[in-house]
1. For GLY525, are the conditions met, namely being on the phi > 0 side of the Ramachandran plot, small (Gly, Ala, Ser) and assigned by TED's automatic domain parsing to the domain that holds GLY612?
2. Which is under 30 Å from GLY874 (Cα atoms) and without any contact (Cβ under 8 Å) to a residue 40 or more places away in the chain, of ASP673, ASP732?
3. Scan region 849-863 for residues that are within 22 Å of GLU683 (Cβ to Cβ) and in a helix (DSSP H, G or I) and report the count.
4. Being loosely packed, with under 15 Cβ neighbours inside 10 Å and modelled with pLDDT of 75 or more narrows it down to one of LEU158, LEU145, LEU165, so name that one.
5. Within region 730-749, can you find the residues that are of a type in the set (D, E, K, R) and either at pLDDT below 90 or not assigned by TED's automatic domain parsing to the domain that holds TYR668 (or both)?
6. What is the residue count in region 678-693 for residues that are exposed (fewer than 14 other Cβ atoms within 10 Å of the Cβ) and either touching a His at 6+ places or on another chain (Cβ under 9 Å) or in contact (Cβ under 8 Å) with a residue 12 or more places away in the chain (or both)?
7. Need the failing condition index for ARG272 against (1) charged (D, E, K, R); (2) modelled with pLDDT of 70 or more; (3) not in a helix (DSSP H, G or I), just the number.
8. Does any residue in region 455-471 that is under 19 Å from THR435 (Cβ atoms) come within less than 7 Å, Cβ to Cβ, of a residue that is surrounded by 12 or more Cβ atoms within 10 Å (Cβ to Cβ) and of a type in the set (S, T, N, Q) six or more places away or on a different chain, and which pairs are these?
Amino acid sequence: MRLDSRVWLGGILVLTVAYASGTLVAVGGMSLTTWLGNWPTAVVSGVAGASLLYAARRRAVRVGEAGPDQEETPGVDPVSALRFLGFAALAWCAGAFVYAVTGLLSVNTALSLSFGDLFALFALPLFVIGFIRFAPLPQGARPVLRHVTDSYVCAAALFSVVWLLLFAPLYQELGEGTGFLALALVYPVADIAVLCLLAPLVFMSPHNTRRAVLLAIGAFVIICGADLIGAVSRLTGVALAGGIEYPVRFLGFALLGSLPWLIRDTAAAAPRRITGRGLYRFAPEIAAAAALSVAAVVLTVAGLRLDDVAPALPLAAGSSVLVLLVRVSGLLEENSTLTRMVLTRERHFHELARNSGDVNLILGYDATVHYVSPGAAEAFGYQQDDILGHPITTVIHPEDMPRVTAAVSTFRRGGSSSVYLRVRVRAGDGTWRHTESTASPYEQPGLPERLLVTTRDISAQVALEDQINHLTFHDGITGLPNRAYLEERTREVLSGRERGQGPPGEIAAIFLDLDGFTAVNDSSGHTFGDYLLAQAARRLRVTVGVGATLARWGGDEFAVLIEEGRQAQQVVDLAERLGRIISAEPFHIADREVLLTASSGVAFAERMTDSGELLRNADMAMVRAKERGGGGRLEIYAAEMHATVVGRLELQTELRQALADGAFLLEYQPVVDLENSQVTAVEALVRWRRGEELEPPETFIGPAEESGLIVPLGEWILREACAKVAFWRASDWDIDLSVNLSVKQILSTGFVETVSGVLAETGLPAEVLTLEVDEEVLLENPGESVERLAELRRLGIRLAIDDFGMGYASLAHLRELRVDAIKIDPSFIRDLGTDGTVTLLTHTIIRLGQDLGMRIIAEGIERPEQLEQLRSMGCGHGQGFLVARPMVAEGVEALLGGSSIPL
């Protein structure tokens, strides 16, 4: 429970009076207070230091938990103030302790400065630092210099009075040298200088620290009085009033140590003024003038009474000081008049700011807001206190900060002209508002230079400009960029490449035209056609992705600018995907369904190609595609520079047509049990009947995979082979089937359902089918691939690893993917018997498969010695030209009619 401040002060006074009563009690021929000496002073100053430091620590903890006080006056730091005052009290404690131990302050001790004096003098700057953390010095070099000079005048005048009234008579009476007197005057001179420096700050201190400032200066005045009594005691060698110095010093330190507890949780005092005109601002000048007045009178009177001195000299000196005081009074009046003028202008400024629609701010060079026009903060969704005292940079968009920093740097270098800025400011609701600001230097007497900023919210204007720009460069039906935007963007991208900017790779343009759109538009109306164009734009936007700009070129034409460097094949793949996404599903407009295709053209930018040429080439390629029949056709311009791409594109087109025309056929290669030479299975191999020749799979499987044609082609192979083997099994031929799979087949949508449907459709048992995969399946999206294959195994289908031993980490794959068979790559069989390492590896693979319970199939058996080696190693099955070449279905039927293959 906290005691009332009056009770606290009353207790301190009671202790002091009790201590002072010791001057009346004699102990050993001296008063009790003199006999106790500095021990009570050392104790109370130590307690004061501990009290102040403890209070500083507690306040720092509270500030850390609650956050800094948003209304804290700049320059005021109560925690630091209490800490430095505590250090000063401890320094005084150390000095008093040294005095107590050494006895240097006893009446009979010779006058000199001691180690304890150094502690006491060191306490003065610590006290000054702590005091100005409660009552800051004026801001700015000029106001500080004026304050120091006024304090010096005041101190000199006050010391003159003290010297004439107190120390001059003692000097004459003692008759000692100046050195002796100088040592005695160290404390009074230092105390007077500090007191004159700090006393005016009391009247200029912030209202929320006024009580602490008054208590601190009061304690220091009492300590100064004790030092003055002590100085007289040193000079006379007699303790004044029985050692009254010690109780007085005790009172000063007790009051200083009680400071944090007398002001704790106390409401700030109301503002105080010396006069109605606010002359408290001129407290240093007033103090200096008052001290000069007293000093002038005292010097004049004392001079007239000095012996052997003519009255004219002191009269002249005193009168000149009085005239100087009159002049200072005139300067004060002029200063007051100028201040009133400035305040009048400030009121006019505030009235203009209040009635203006603009936001007016006064900022420091550190961007701190010192003033904001009334109502302006609310216009941006803030309270007045949310802006004042905070850096304005916290609400400025980071991208606009370099311009703000550059403007402030201009003013720091002495720039006096106004600066125009357009920056984005975060409003209270989190949105960014566009503003237009003018900043110019702003000066106020006695304050640092600042900036006057007039700001206008132009968000509506910017929104209108953006809307106009959008309408200028965007299509109103699809919302896509229009032809003008694409042409400008193409110029930027190509010019950037010429400057060496941008990623490596191709820059290209793709043009698409909706086949049959004109007929739809003519038959159903333009509104129907607009809806169809909007739907097509949404499909294309999703497919294009990043690194490209999709635009509506005009009519039913769309264009894509490839900005990020891509490989030529990737550009062609994207063009094909765009065509497929248009024709994949019908467009639903009202109650109708419309199925469209898109013809497309691709053009690649050469080094010297300009934007107009690139777009024109792509448009010409698209026109050529439509001339050649359209229907989703793709043409590439400048084929001589992209022969490989064009060749593969033509091959893919032929493959698509071949699949539609049924130009593919299957051959079957038997798999033989090496022990009894019986045919146990066949592997289905696809062939392409291209004109008069049969193309092997290695010539077209790659392009089929790149174009995605491998998925429908693979489904055809699976259905055709399963139907044929099911027919053979119905003819009492016990034979199994092996079919190769690609990664794209496995990852295609509905692949497992497709396989299950083929088995149900053909009637082939699942355990008869073996699907062969190579180790690439575990390198591209391994998680989904393994899951798909696991689903196939759950259907009863068997899995085999094809070309085992040629991939990466084959043994690790056996653990990840459970398979039923291993097919040894032909490269191992080719060197069997001629290369000892290969022979050993082949034997190891066979043993590994046997240990894991898998079927081992050797591929590429072409020589009898290879067959014998495999039989000796225990390999169960094999295939190759020595066993049987791939053959059409009729050949297999003739082969199955025999009992076995002679091996």
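The values are calculated or read from the model by the stated rules, or taken from the named source; none is laboratory data. Computed from a prediction, not measured in an experiment: that's the story for all the values here. Using ideal geometry, Cβ is built from the backbone for each residue, glycine included, and neighbour counts are taken over all protein chains shown.
1. For GLY525, the condition - on the phi > 0 side of the Ramachandran plot, small (Gly, Ala, Ser) and assigned by TED's automatic domain parsing to the domain that holds GLY612 - is met.
2. The conditions single out ASP732.
3. Summing the residues that are within 22 Å of GLU683 (Cβ to Cβ) and in a helix (DSSP H, G or I) in region 849-863 gives 2.
4. LEU145
5. Within region 730-749, ASP732, ASP734, LYS744 meet the criteria.
6. Qualifying residue count for the region: 0.
7. Among (1) charged (D, E, K, R); (2) modelled with pLDDT of 70 or more; (3) not in a helix (DSSP H, G or I), the lone unmet condition for ARG272 is (2).
8. THR455/THR435; THR455/SER437; ARG456/THR435; ASP457/THR435; ILE458/THR435
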